[in-house]
Amino acid sequence: MSPETDIKTIKNWLPQSVEPFVISGPCSAESREQVLQTARQLAKLPQIKVFRAGIWKPRTRPNGFEGVGTEGLKWMQEAKAETGLLLTTEVANPIHIEQALAHGIDILWIGARTVVNPFSVQELAEAIKGVDIPIFVKNPLTPDIKLWIGALERFHKAGIDKLGAIHRGFHYFKQSPYRNAPMWEIPIELRRLMPTLPVITDISHISGRRDLLQSIAQKALDLETSGLMIESHFDPDNALTDAAQQISPAALEQLLAQLVVRERTGSIDFQHKLEELRTEIDKLDGELIELLARRMEVVREIGAYKKENNITILQLKRWKHIMEDRIAIGTNIGLDKEFLLLLLELVHENSIQQQTKIFNQKGEA
Ligand code: PEP
Ligand code: MN
């Protein structure tokens with residue numbers, strides 16, 4: 001058996017699935033009413049064949065809502081009996097697996113916090129040995145593709161061939177609009193290395209907020225993801241966990257209706273390289289902006305100093321020197337002279353504005 005080739009497609013083990021394959025349901029099971037109401041509304045959407053709910057919640061700090069535990073599995077079972085939706089939940093230890101299996105959970109998923117720890121993953125793989133159940137493995141919190149692949153391999157070695165990966169974004173230390181930076185090149189690389197492995201995108205944990213969901217879902221489809229995981233709740237504003245990113249089943253219906261399914265976007269090697277380059281551009285732009293902000297800070301400091309010493313803002317000789325010097329440096333390393341001129345003028349203009357503001361401030365100096 002090779003994890004690169006013999007993993008079954010979703011269609012293979014879930015023939016009733018439609019494109020795009022969507023898993024939806026609340027971040028956490030909270031009450032019988034919430035589980036049943038949400039599942040009933042979701043079951044009306046043709047794309048939804050699998051209902052998710054977190055039963056044991058991995059919280060960053062203790063004392064938060066840590067899930068309702070086994071009782072919630074009974075609500076999920078009831079939802080399945082009524083709607084026919086298949087069930088999935090996160091398992092993080094062998095007792096969770098035992099409980100989930102005892103309550104008719106159809107698909108298990110392994111959370112991002114568990115996947116970072118090979119000891120835990122191994123323990124789970126051993127607990128599942130001999131059971132024929134689909135397992136989805138989320139990416140680890142850190143952008144480490146080897147950990148992700150390692151976890152998939154551990155389950156594969158334990159005999160699981162209905163395997164999938166869930167891309168839920170990565171922890172990123174710099175400011176980013178996302179709760180978890182998507183770093184698309186990583187799931188693309190995973191697909192390149194394991195071409196038969198379904199990879200679905202958890203747009204909720206990437207976004208962290210409702211207004212980003214649509215564009216991330218579209219991007220995921222454009223990159224030919226095999227499906228989506230989207231958190232939904234019958235009353236999202238009052239959700240006990242992840243309220244900012246959950247949407248109502250009605251909003252989910254709209255989101256799905258607005259998705260455009262496009263033609264193939266090129267070979268996987270092409271996509272991988274493109275995303276790698278785009279990530280590089282994103283980082284460089286971030287650095288450029290940070291540098292500009294630092295430059296403006298020094299400009300303001302100079303402004304205050306000039307004011308203190310009663311010196312005029314515009315120092316023509318200095319400005320002429322800057323232009324000549326920076327254009328020489330820039331053109332020497334291949335930058336266009338016209339572009340440099342425009343850029344420097346823009347920077348200079350804003351610097352003067354910043355210093356003028358300081359001069360116009362009343363009070364000190
Ligand atoms: C979740 O899906 O609710 C969850 C906790 O996800 P993750 O492991 O990706 O943080
Ligand atoms: Mn969540």
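If the limit is 28 Å between Cα atoms, which of Lys162/Lys283; Lys8/Lys219; Lys80/Lys219; Lys307/Lys337 go over it?
Among Lys162/Lys283; Lys8/Lys219; Lys80/Lys219; Lys307/Lys337, the Cα-Cα distance tops 28 Å for Lys162/Lys283; Lys80/Lys219; Lys307/Lys337.
Among Val299, Leu344, Ser226, whose Cα projects farthest towards the positive end of the dipole of the chain, with charges put on the beta-carbon of Lys, Arg (+1) and Asp, Glu (-1)?
Working it through, the farthest residue towards the positive pole turns out to be Val299.
I'd like to know which of Met76, Val50, Leu316 lies farthest towards the positive end of the charge dipole of the chain, counting +1 on Cβ of Lys and Arg and -1 on Cβ of Asp and Glu.
Positive-end residue among those listed: Leu316.
Calculate I(q)/I(0) for region 271-360 by the Debye formula, one identical point scatterer on each C-alpha and no solvent, and give its log10 at q = 0.13 Å⁻¹ to two decimals.
Results for region 271-360 at q = 0.13 Å⁻¹ read -0.57.
Just order 138-146, 334-342 by mean Cβ neighbour count inside 10 Å, highest at the front, would you?
On the way: 138-146: 18.4, 334-342: 11.4.
The peptides rank, most packed first, as 138-146, 334-342.
Measuring with a 1.4 Å probe in the full set of protein chains, what accessible area per residue, in whole Å², belongs to the chain?
52 Å²
Of all GluC sites (Glu not before Pro) in region 241-279, which ones are in loop regions per DSSP and have a Cβ with at most 11 other Cβ atoms within 10 Å?
Passing sites in region 241-279 are Glu263.
For region 271-360, give the percent of accessible area contributed by carbon and sulfur heavy atoms, probe 1.4 Å, rounded to a whole number.
C and S fraction of accessible area: 60 percent.
Of the listed peptides 182-191, 346-355, what is their order by residue-averaged count of other C-beta atoms within 10 Å, with the highest listed first?
So the peptides 182-191, 346-355, ranked by packing, come out 182-191, 346-355.
Which percent of the Cα-Cα distances in region 56-212 go past 21 Å? Intermediate values should be presented prior to the final figure.
Details: 5878 of 12246 pairs.
For region 56-212, the share of Cα pairs beyond 21 Å comes to 48 percent.
In whole percent, and with a 1.4 Å probe on the protein chains, what portion of the accessible area of region 1-127 is carbon and sulfur? Display every interim value, and only then the final one.
Numbers: 2800 of 5620 Å².
After summing per-atom areas, the C and S share lands at 50 percent.
Report the Cα centroid-to-centroid distance between region 73-112 and region 255-275 in angstrom, as an integer.
A separation of 31 Å, based on Cα centres.
Based on alpha-carbon centroids, what's the gap between region 311-358 and region 174-212 in Å, whole number please?
After rounding, the separation between the Cα centres reads 40 Å.
Kirkwood-based Rg over Rh for region 216-305 (C-alpha set), two decimals? Kindly include the intermediate steps, with their values, before the conclusion.
On the way: Rg = 20.8 Å, Rh = 17.3 Å.
My calculation of the ratio gives 1.21.
In terms of solvent-accessible area of protein heavy atoms at a 1.4 angstrom probe, what is the ranking of Tyr172, Tyr305, highest value first?
These residues rank, largest area first, as Tyr305, Tyr172.
Take the Cα pairs of the chain, get the Kirkwood Rh, then feed it into Stokes-Einstein at 4 °C and 1.567 mPa s and tell me D in µm²/s.
Once the numbers are plugged in, D ends up at 56 µm²/s.
Tell me which DSSP H helices of the chain clear both cut-offs, 27 Å or more of axial length from alpha-carbon atoms and a mean Kyte-Doolittle hydropathy of at least 0.0.
337-360
About its Cα centre, what dipole magnitude does the chain give when the only charges are +1 on Lys and Arg Cβ and -1 on Asp and Glu Cβ, stated in debye to the nearest 20?
Magnitude of the dipole: close to 560 debye.
If you take the alpha carbon radius of gyration of region 57-146 and divide it by 2.2 N^0.38 Å, what ratio comes out, to two decimals?
Compactness ratio reported: 1.13.
The values are calculated or read from the model by the stated rules, or taken from the named source; none is laboratory data. What you see is a predicted model; the values in this text were computed from it and never measured. Quick reminder, even Gly has a Cβ in these numbers, built from the backbone with ideal geometry, and neighbours come from all protein chains shown. The protein model used for the area step is the full one, side chains on, heavy atoms only, and it has no ligands, DNA or RNA in it. Shrake-Rupley method; radii C 1.70, N 1.55, O 1.52, S 1.80 Å.
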